Structure formats: C-alpha cells, structure tokens
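Presented below is the structure to which this report refers.
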Amino acid sequence: MGLIIAIDGPAGAGKSTIARRLAKRLGFTYIDSGAMYRVVALWARRQNTDFDDLHRVGQLAEAASIDLIDDRVLLNAEDVSDALRTPEIAQGASRVAANPQVRRALVAKQRAIAEGRNVIMEGRDIGTVVFPEAQLKIYLDARAEERVRRRSADHPEAPVAHVAAELADRDHRDQTRQESPLTQAPDAVYLDSTGLSPEAVEDAILKIVRARLTNGKEFQ
Ligand code: DC
C-alpha cells in the first residue's frame, strides 16, 4: 500500500482543485471519487433507470467499467468526462450515492485503483470509510455563500438562486444519508478555504504533508 492523502468535504469546498494541484506537486495519482458516482448516474440516465431504483442502479454500479485516466473519465471504454458535469448528473450522483449496493461496488473499485500507488483521493467518505488508515486526512470546508459563488462561476448560465438551492439539497442529502454520510473523520485536519486562494490552501496542506509524511524532507 502506498501513501494515501484523503480529502473530504462538501461540494464547492475546492477539493478537486486542491487535490489536483497537490497530486501534481507531489507526484501522486489524483483520484476523483465523485466522478465515479457521476458515471453511475449517467449510465442510469442513459438506460432510463430511475436514480432511486436501488436494485437496477446497484447492478449498473457493479457492471460499470470505470477508468480514470489523467483528467478523463471512461465508462465502458467511452470518454464521458464532459457529460458528467451537468447539474442533473450532479444531483443524480448524490441520489445514487445513497444506495448501499452502489457504495459497496464503488468503494471496492476505489481501493483497487489505489493499490500500490501514492494517491490523493477526494470525495465524501475517503477518510472515514474508503481509507480509514490514510496517513493524512483533510476535511476541506468553505462557507455556503462562497461554495455557491464558486459553483456559479462553473455554471454562469444558471441563476444563482438555483445553484444555491441545488447545492444545499445535495449537501443535505450527502450529510444525512444512512450509508457513509459526509462527516469529518476524528483524525482529519479541518481546513476552511473561505477567502483563501488555491495557492494558500495548497501551501497549508503541503506544510502538514511535510511535517507528517516526510519528516521535513521533500517528496521526489
Ligand atoms: O464530488 P462530486 O460533486 O463530483 O460528487 C458527486 C456526488 O457523489 C456527491 O453529491 C456525493 C457523491 N459522492 C459520495 O457520496 N462519496 C464520494 N466519495 C464522492 C462523491
């Protein structure tokens, strides 16, 4: 097992941006676990399967071949990266993520992808469920208004009130579901990125990485 850095937190906290930058900096493999839930939602949508149909969606999650190659996401060898970033698929991902069969299937895939490598994996349950033994866990947060602002910048076509309602809805579902809800692991470092640039957040985490994982020595 390589080194594992787990970054969890709500939507719009900056997890992907930070995890990507850190992975590049440290030479780790970046794994976006949320993309995998989005893939299952996309496949269900394409099959006209209701997101809440536990049995069928669970089967799709088990059957899906999901590859994360650099910044691209493949479903059964098809590059579906762009189709994953719509508000409908974001909501669908949050709904299929409450399905225990889906979670079991995707957690197994996440552990398999990380096997034998140094990884930075981001999501909602990485430090609590997927890798409770991770060497470093960060809980990355930001105030709701800021998270809405960031999400709105990604979707300038959508009314801000709509983006805010969708984000609140998704966070509430992700935090209150029975199976692996989003919570801070007791041994995670809490970081609030409100008002901070990506550089500042990256530096703060790098300091912790150096102190914890390398006894002051640089990676690479
Ligand atoms: O990080 P994201 O916005 O791409 O994630 C989409 C949804 O997937 C999110 O609303 C909840 C779910 N998810 C999860 O339940 N567990 C994870 N480890 C990652 C994402």
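The values are calculated or read from the model by the stated rules, or taken from the named source; none is laboratory data. Bear in mind the structure is a predicted one, so any value in this text is a computation, not a measurement. A quick note on method: Cβ atoms are made from the backbone with ideal geometry, for glycine too, and the neighbour counts reach across all protein chains shown. Quick note on the areas: whole protein, heavy atoms, side chains included, nothing else; ligands and nucleic acids left out. Shrake-Rupley method; radii C 1.70, N 1.55, O 1.52, S 1.80 Å.
Miscellaneous remarks
- Residues in segment 127-176 that are surrounded by fewer than 16 Cβ atoms within 10 Å (Cβ to Cβ) and outside any helix (DSSP H, G or I): PRO132, GLU133, GLN135, ARG143, PRO156, GLU157, ALA158, PRO159.
- Residue ID - surrounded by the most Cβ atoms within 10 Å (Cβ to Cβ), chosen from residues in segment 57-71 that are touching a residue at least 40 places away in the same chain (Cβ under 8 Å) and among the β-branched types (Val, Ile, Thr): VAL57
- Failed item in (1) within 13 Å of the ligand (Cβ to nearest atom); (2) farther than 30 Å from LEU213 by Cα, with ARG56 passing the rest: (1)
- Qualifying residue in segment 24-35 (condition: near the ligand (Cβ under 10 Å from one of its atoms), more than 20 Å from MET121 (Cα to Cα) and crowded, with 16+ Cβ neighbours inside 10 Å): no
- In this structure, PRO100 qualifies as more than 8 Å from the ligand (Cβ to nearest atom), open to solvent by 10 Å² or more (accessible area, probe 1.4 Å), closer than 22 Å to ASP171 by Cβ and not β-branched (Val, Ile, Thr).
- Here ARG21, ARG85 are screened, and the one residue that is in contact with an Asp or Glu (Cβ under 9 Å, 6 or more places away or on another chain) and away from the ligand (no atom under 12 Å from the Cβ) is ARG21.
- Of all residues making up segment 177-199, the number that are away from the ligand (no atom under 15 Å from the Cβ) and either among the charged types (D, E, K, R) or open to solvent by 60 Å² or more (accessible area, probe 1.4 Å) (or both): 7
- At least 3 residues being closer than 22 Å to ALA204 by Cβ and at pLDDT 95 or above is the threshold, and among the helices (runs of 4 or more DSSP H) wholly inside segment 1-110 those reaching it are 15-26.
- Among the residues of segment 185-200, those that are over 17 Å from ASP8 (Cα atoms) and either part of a loop (DSSP other than H, G, I, E, B) or among the hydroxyl-bearing types (Ser, Thr, Tyr) (or both) comprise GLY195, LEU196, SER197.
- Condition check for LEU54: over 27 Å from GLY2 (Cβ atoms), open to solvent by 70 Å² or more (accessible area, probe 1.4 Å) and hydrophobic (A, V, I, L, M, F, W, C): yes
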